[in-house]
1. Which of Y131, Y44, Y157 moves most in a GNM of the chain, Cα contacts under 10 Å?
2. Can you count the Lys pairs in the chain with C-alpha separation below 22 Å, eight or more apart or on different chains?
3. Mind telling me which of G123, G18, G49 comes out most flexible in a GNM of the chain, alpha-carbon contacts under 10 Å?
4. Helix 94-165 versus the longest principal axis of the chain: what is the Cα-based angle in degrees, 0 to 90, to the nearest 10?
5. Using the beta-carbon distance between E42 and A114 and R0 = 41 Å, what value does 1/(1 + (r/R0)^6) give for FRET efficiency, to the nearest 0.05?
6. Just name one of A47, S102, L9: the one whose Cα is farthest towards the positive end of the charge dipole of the chain (beta-carbon charges, Lys/Arg +1, Asp/Glu -1).
7. Please give the contour-minus-distance gain from I164 to D97: 0.36 nm per residue of separation, less the Cα-Cα distance, rounded to one decimal in nm.
8. Return the whole-Å distance between the Cα centroid of the range 93-158 and the Cα centroid of the range 7-72.
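Every number here is computed from the coordinates shown, using simple stated rules; none is lab data. Predicted model, so just to flag it, every value in this text is computed and none were measured. Neighbour counts run over all protein chains shown; Cβ positions are idealised from the backbone, glycine included.
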Amino acid sequence: MAQVTFGGLSATTFSDIGGAVSDLFAASAARSKAQGLRTEAEQYTLAAGLADQNAKFTEQSTAIKEYQQSRDIQKTIGSQQAAVASSGFAASGSALDIERDSANQGAIAQGVLAQQGLIEEAGFEEQAASYRLMAEASSNAANAADKAATGDTIAAYIKGAAAIATLF
């Protein structure tokens with residue numbers, strides 16, 4: 001089948017021009033996508049930093065709560081000792097049993113408080129690590145979109161050159 005031309009313009013010329021324009025739009029879209037992915041990566045990085053801060057706040061808050069718990073334990077035992085002494089009893093027998101039980105209950109409460117703080121801290125650290133992975137994935141996708149944009153641009157130039165070549 002013979003190729004139809006119009007003043008030096010053939011169907012191939014129009015096809016190449018159309019392909020070049022299409023590739024230029026694809027390159028523009030890939031660049032826009034890359035920018036969006038970079039913004040997403042920045043947001044994940046910011047979220048990771050906030051999760052790190054929350055882990056530190058939890059650590060400090062837990063230390064304060066442990067100190068308060070320790071003071072409460074000491075106050076309770078001190079009150080019990082004062083009550084025994086003011087009643088004229090010796091620090092022996094049941095009085096010591098009550099103090100020991102209070103100390104044990106306080107130690108359990110303090111242990112639970114410390115463990116709960118560690119669990120909460122670990123949760124924030126895991127959250128920060130997850131956000132960092134998502135930021136890395138977004139950055140990698142942005143780099144891939146940049147490469148696609150470069151490839152589309154090169155393809156557009158080649159198709160444009162091919163369209164010009166069909167004129168001669």
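1. Comparing Y131, Y44, Y157 in a Gaussian network model of the chain, the most mobile one is Y157.
2. Working: K33/K147; K56/K65; K65/K75; K147/K159.
Taking the chain as the scope, the lysine pair count is 4.
3. Of G123, G18, G49, the most mobile in the Gaussian network model is G18.
4. 10
5. 0.70
6. Checking the options against the dipole of the chain, the answer is L9.
7. Full-extension gain reported as 14.1 nm.
8. Here the answer is 19 Å between Cα centres.
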